[in-house]
Amino acid sequence: MSQHAHIKPHALKFPGINKMKKKKIVLASNSPRRLEILKTFGLEPQVVPSIFAEDLPKGGYENKYEYPVATATEKAVEVYRRLVEEDPDDAPDLVIAADTVVFTHDDPNVVGYESTPLHASILEKPETREENLRMLQELNGKACEVVTGVTVVWPIISAPGYMIKSMDERTIVHFADNSKQRLKAYVESGEGLDRAGGFAIQGLGGLLIAKIDGDFWNVVGFPASSFFQMLDILAEEEEDFLAL
């Protein structure tokens, strides 16, 4: 395979980072936020958005946290297989994919929401300002749980020719008791449109939040700390990790 330069000079010299040097790293996402988060920590992968339809049945899992992980896995495998087929001589060494889902619950003191029916607890991306306002009114003074599933795929010699490893990160976001005027002002900014949960914590939406329990970057769209820890574990414990 060709040598690639996806690791930037400011990246910390962790085992996982060192293992990725001169490897072809691909991000199976068109999310500018995920790319910017990775670049912040010294990884600038090639962007190849997945064309997976993201139509897995939301109620098809015993544990709700399996849903974003399953979607991330489908994205990663689709991109890996497609790139291998398009150019076997320059196939990716590592494909990274993620999927973020926002769950909500009436009780802001509850951290685990497994008892909540999956189909009733997912907050999708609002498409209109009216929908955005309704969503924020539902969250106001309460809590939501942001869950990101992350999957990595890399080549191995044995069938099916690639290995899959996944993880999920969970962060509780507590909304302040905002006035209706404040919620309307935020909605009018347009920032919350087409964002899971209808808000952007790293932007103006941060003014609506009282506190979070967990990883801030996870709420933005990618759990950087846990991801790089996973890479370190793979580098130290998986003999075939980026070995080809």
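Values quoted throughout were computed directly from the atomic coordinates according to the rules given, and no laboratory measurement underlies them. Please read all numbers here as calculations on a predicted model, not as lab measurements. When we count neighbours, we look across all protein chains shown, and the Cβ atoms used for this are built from the backbone with ideal geometry, even at glycine.
Report the one residue of GLY205, THR128, ASN30 whose Cα lies farthest in the direction of the positive end of the charge dipole of region 15-237 (charges on C-beta: Lys and Arg +1, Asp and Glu -1; origin at the Cα centre). Positive-end residue among those listed: GLY205. What net charge do the residues around ALA11 carry, taking every other residue with its C-beta under 11 Å from that of ALA11, with Lys and Arg at +1 and Asp and Glu at -1? Combined, the nearby Lys, Arg, Asp and Glu give +3.
Taking the C-alpha atoms only, the angle from helix 129-139 to the longest principal axis of the chain is near 80 degrees. Whole-percent P(r), the chain, all Cα pairs, 10 Å bins from 0: 7, 31, 33, 20, 8, 1.
Ordering LEU183, ILE233, GLY161 by Cα displacement along the dipole of region 15-237 toward the positive end leaves LEU183 in first place; charges were set at the Cβ atoms of Lys, Arg (+1) and Asp, Glu (-1). Only alpha carbons enter this Debye calculation for region 175-241, each as an equal point scatterer, and the log10 of I(q)/I(0) it gives at q = 0.12 Å⁻¹ is -0.45. Dipole size of the chain about its Cα centre, with +1 on Lys/Arg Cβ and -1 on Asp/Glu Cβ: approximately 820 debye, rounded to the nearest 20. For the chain, the longest principal axis of the alpha carbon atoms and the long axis of helix 180-189 meet at an angle near 40°. Normalised by residue number, the volume inside the convex hull of the Cα atoms of region 4-98 is 111 Å³ per residue. Look at the alpha carbon pairs under 8 Å that are at least 6 residues apart: their mean separation over the length of region 15-237 gives a relative contact order of 23 percent.
Per residue, the convex hull spanned by the Cα atoms of region 1-47 measures out at 66 cubic angstrom. For the pair PHE14 and ASN30 in one chain, pulling the backbone fully straight at 0.36 nm per residue adds 3.1 nm over the alpha carbon distance. Using only Cα atoms, tell me the angle between helix 224-237 and the longest principal axis of the chain; keep it within 0 to 90° and round to the nearest 10. It is inclined by approximately 30 degrees.
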